Amino acid sequence: MKKTLMRTSLATVLSAVLAGTAWAQAKPTTVAELAQYTGADRQQVLLEGAKDEGEVVLYTSMPKEDVAALSSVFEEKTGIKIKLWRASSEQITQRVVTEARGNRYDVDIIENSVPSLLAIKRENLLQEVHTPAQENVIPEAVPEHRQWTDSTFDAFVMAYNTDQVKKEDLPKSYEDFLDPKWKGKLGAEANDQVWFNMLLQELGQKEGVELFEKIVATNGISMRKGHSLLTNLVASGEVPLAMTVYNYSPPQLKDQGAKIDWFLLQPTVAQFRGVAMPRNVPHPHAALLSYDFMLSDEAQNILVDRYN
């Protein structure tokens with residue numbers, strides 16, 4: 001009797017284990033299941049599904065030259081066409097939220113600044129994603145909620161027109177902007193609240209606000225919308241010195257012969273950019289395929305090579 005019971009118990013356990021294994025490897029049937037599928041055939045499942053879908057729609061604020069470099073490699077590797085909509089971080093947030101409220105779901109992948117992704121997350125529009133590609137980045141780049149993964153970061157630097165500002169006259173601290181020689185020469189991006197808030201954390205809330213109030217009262221700060229626009233205005237000389245441009249822009253223009261250079265003031269502020277997948281996407285396989293690519297060493301090396 002005991003042996004029979006033993007055999008029955010072992011058979012039951014074995015059956016349960018096999019059933020569990022079969023269940024774990026079951027092919028995903030929903031977007032959520034697909035986004036968290038980690039079976040050994042994950043790459044094959046994504047590639048086959050993506051080929052049927054044919055394209056992936058990307059919303060990004062990344063420089064168009066960077067997007068072009070990444071897209072050409074991705075399309076060659078997968079045969080999947082990237083349809084691009086490029087705009088400012090704020091415009092992307094607005095469009096994603098507006099489309100969702102109208103039950104319109106066009107975007108597959110969002111590449112944007114983390115503050116903008118956080119705003120979209122608050123609308124409950126992002127999908128939790130589990131992928132082996134997240135092992136390619138530092139643990140801190142994968143939030144616990146996994147509704148985006150940090151892929152790159154932008155450092156805010158100062159840019160100046162080399163015809164209008166001499167290198168030896170550059171400020172050594174933010175207090176130096178109180179010098180009357182900077183009157184009418186300063187500019188900043190109008191939506192860089194993250195930069196300003198983080199700066200105040202280092203300077204001190206009260207002290208930092210008072211300092212910038214004095215700078216504005218003494219010399220003014222021209223507020224422009226768009227980091228690329230602001231950088232180009234520095235290159236043209238319309239804005240002799242900009243306080244908030246992304247680190248990659250001045251070197252690109254300088255290499256093209258523009259009269260522009262850059263420098264840092266302490267404290268230096270940077271913000272992460274991330275890649276995210278909405279809950280409702282028209283091309284989920286292609287979306288996840290591009291998600292993995294954005295986090296790959298290959299994609300990272302393409303971006304590194306562009307700035308070295």
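The values are calculated or read from the model by the stated rules, or taken from the named source; none is laboratory data. Note that this is a predicted model, so its numbers are computed, not measured. For neighbour counting, all protein chains shown are included, and Cβ atoms are generated from backbone atoms with ideal geometry for every residue, glycine included.
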| said: So the check is Cβ under 6 Å with 6+ separation or different chains; which pairs have a first residue in the stretch 278-306 that's modelled with pLDDT of 95 or more and a second one that's of a type in the set (Asp, Glu) and surrounded by 23 or more Cβ atoms within 10 Å (Cβ to Cβ)? | reply: VAL281/ASP108; HIS283/ASP108; ALA287/ASP108
| query | Just for the stretch 168-200: of the residues that are surrounded by fewer than 12 Cβ atoms within 10 Å (Cβ to Cβ) and within 20 Å of ALA270 (Cβ to Cβ), which one is modelled with the highest pLDDT? | reply | SER173
| message | Restricting to the stretch 123-138, give me the number of residues that are hydrophobic (A, V, I, L, M, F, W, C) and touching a Pro at 6+ places or on another chain (Cβ under 9 Å). | response | 2
| Yes or no: ALA141 under 14 Å from the mean Cα position of the chain (by Cα) and over 25 Å from PHE74 (Cα atoms)? | no
| Among the residues of the stretch 125-144, is there at least one that is at positive phi, at pLDDT 95 or above and surrounded by fewer than 21 Cβ atoms within 10 Å (Cβ to Cβ)? | no
| query | If we scan the stretch 10-32, do we find a residue that is outside any loop (DSSP other than H, G, I, E, B) and at pLDDT 90 or above? | reply | yes
| query | Inside the stretch 64-90, can you point out the residues that are assigned to a helix (DSSP H, G or I), touching a residue at least 12 places away in the same chain (Cβ under 8 Å) and not aromatic (Phe, Trp, Tyr)? | reply | LYS64, GLU65, ASP66, VAL67, ALA69, LEU70, SER71, VAL73, LYS77, THR78, SER89, GLU90
| Of (1) surrounded by fewer than 21 Cβ atoms within 10 Å (Cβ to Cβ); (2) farther than 16 Å from ALA276 by Cα, TYR160 satisfies all except one. Which? | (1)
| Given the structure, is LEU253 within 25 Å of PRO115 (Cβ to Cβ) and either at pLDDT 95 or above or not in a loop (DSSP other than H, G, I, E, B) (or both)? | no
| field | Selected residue (criterion: surrounded by the fewest Cβ atoms within 10 Å (Cβ to Cβ)) from residues of the stretch 282-297 that are within 17 Å of the chain's Cα centre (by Cα) and farther than 10 Å from LEU46 by Cβ | value | ASP297
| note | With the first residue restricted to the stretch 256-276 and required to be within 16 Å of PHE196 (Cβ to Cβ) and assigned by TED's automatic domain parsing to the domain that holds TRP195, and the second required to be surrounded by fewer than 16 Cβ atoms within 10 Å (Cβ to Cβ) and among the polar types (S, T, N, Q), Cβ contacts under 7 Å at 6 or more apart or on different chains are LEU265/SER173
